[in-house]
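Below: the structure, in structure tokens.
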Amino acid sequence: MDMVTEQFQQQIESAGALARAQGSCPLELAVVLPTLNEKGNIAPMVDRLEQALGPTGWEAVFVDDNSHDGTAEEARRIGLTDRRIRVIQRIGRRGLASAAIEGMCATAAPFVAVMDADHQHDPALLNDMLAAVRSGEYDLAYASRFAEGGNADGLSSKSREKGSRIANALARKLTGTELSDAMSGFFLLRTDQLRKQAQTLSGIGFKIMLDILSTARPQLRVKEFPLKFAERLSGTSKLDHGVALDFIAGLYDRYLGRIIPTRFALFGTVGGLGVFVHMAVLSLVYLAMGSSFALGQAVATMVAMTFNFWLNNLLTYRDSKLTGAHDMFFGWLKFCATCAVGAFANVAAAALLQANGVAWWLSAIAGVVLASVWNYALSSKFVWGRFR
Ligand SMILES: Nc1nc2c(ncn2[C@@H]2O[C@H](COP(=O)(O)OP(=O)(O)O)[C@@H](O)[C@H]2O)c(=O)[nH]1
Ligand SMILES: [Mg+2]
């Protein structure tokens, strides 16, 4: 046993002794459940946790991203009379990975598990998972849909199952550990291990367990438990399962994210594609259809802007995507307004630089960079509301 683990064991033992002396049971396990519109699943989940874990020694932390169906209120209603139930309500924030990290950092329990709130994960596995890590033999226990004895029937489609299998093969390379289900969202580890790593976790795209496993030094010893992946109890799936994109974004974030932030890189890439769309439409309208240049340029600008809005909504802001005709329309309007100001700033700054003797191409690039940063900063705030 290394020194950190030994210190940790001593801490748990003395906390246990103190709690027993006071006639209570020490807090041992926190179960973190990220939620987005899961109201109907909360009370049944609390019942199942109680059945699995008994009356004391655990708490559940629901991390809710301000669901509009009243999920947080529902959890607070239960928490009012049941102190094991806690709620973190995040305002203007979205994302499964960051919700899990914040929940795991918000407990005093020495062990922490993350699981879905929709009943696809079976809480009955928690005891064995806890025992495996508590024994000191393993650093992380997780539930696998693809382990011997598990099944992935609850996965909604064949293509998703295939996506998961491809991701597993990639993940094996990344972590150096044999994992039958690297994209699992149901795992348990020592909280001090998590805290040690919390600084380096990306909280973007990457599945959180994979992120933990691939950044841990030394490598974690992993124990797999077969999971019978169930259908969700109530509500609908929130994730649009771009497993491949999750992977690319996660990898980028890990290696290059400190140089150019991932979201800005995505935004810039979308902008670059927009230039191609612009040129294609301009050629069509101006060259092929013979309209005036000004009209061609105006049509091309509108089409490119709309394309950029659509693709940014789909990729860059996947975790806070706008849906529905109303939100999409006003989002698009705000995006166009932001870009118009950006374009004005672009031209003004470039012209000023050029007039002051800076090379024309350098002035142009400076204008484009300025407009991109402006568009990114403003649209992320006003269109996709990330910093509300
Ligand atoms: N806090 C939070 N939870 C989320 C978010 N997206 C999904 N979840 C929760 O994460 C869990 C898994 O999501 P789900 O939609 O069931 O994904 P699926 O099982 O892959 O279809 C559920 O408990 C969701 O409520 C999010 O952006 N923020
Ligand atoms: Mg689910």
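Brief remarks follow.
- Axis of helix 3-21 versus longest Cα principal axis of the chain: the two differ by about 60°, to the nearest ten degrees.
- Residue among Pro218, Pro261, Pro34 with the largest mean-square fluctuation in a Gaussian network model of the chain, springs linking Cα atoms under 10 Å: Pro218
- Of the trypsin sites (Lys or Arg not before Pro) found in the range 36-100, those that fall in a DSSP loop while having at most 11 other beta-carbon atoms within 10 Å are Arg83.
- Taking only the Cα atoms of the range 260-314, the ratio Rg/Rh comes out at 1.10, with Rh defined as the Kirkwood radius.
- Summing Lys and Arg as +1 and Asp and Glu as -1 over all other residues whose Cβ lies under 12 Å from the Cβ of Gly57 gives a net charge of 0.
- Working note: Karplus 6.51/-1.76/1.60 with θ = phi - 60° gives the range 74-79 the couplings 4, 5, 5, 4, 6, x Hz, where Gly and Pro are set to x.
- Subtracting the Cα-Cα distance of Leu170 and Ala345 from their residue separation scaled by 0.36 nm leaves 58.7 nm.
- Compactness relative to 2.2 N^0.38 Å, alpha carbon Rg of the range 262-382: 1.12
- Taking Lys162, Lys321, Lys207 as the candidate residues, the one with maximal mean-square fluctuation in a Gaussian network model of the chain, Cα springs under 10 Å, is Lys162.
- With the convex hull drawn over the C-alpha atoms of the range 301-353, the volume per residue is 80 Å³.
- Considering only Asp327, Asp246, Asp122, the mean-square fluctuation computed in a Gaussian network model of the chain, springs between alpha carbons under 10 angstrom, is largest for Asp327.
- Label-to-label distance, nm, for residues given as Ser283 and Val369 (7 Å Cα→Cβ offset): 2.9
- Relative frequency of Cα-Cα separations exceeding 23 Å in the range 19-142, percent: 27
- Accessible surface of the chain, 1.4 Å probe, proportion on carbon and sulfur as whole %: 63
- Taking 0.36 nm per residue of separation and subtracting the Cα-Cα distance, full extension of the segment from Ser291 to Leu256 would add 8.2 nm.
- Across the chain, Cα-Cα pairs farther apart than 40 Å form 27% of the total.
- Rg and Dmax over the alpha-carbon atoms of the range 233-331 stand at 17.2, 58 Å.
The values are calculated or read from the model by the stated rules, or taken from the named source; none is laboratory data. Please read these numbers as outputs of a predicted model, since none were measured by experiment. Cβ atoms come from the backbone with ideal geometry, glycine included; neighbour counts cover every protein chain shown. Calculation scope for accessible area: heavy atoms of the full protein, side chains included, ligands and nucleic acids excluded. Shrake-Rupley method; radii C 1.70, N 1.55, O 1.52, S 1.80 Å.
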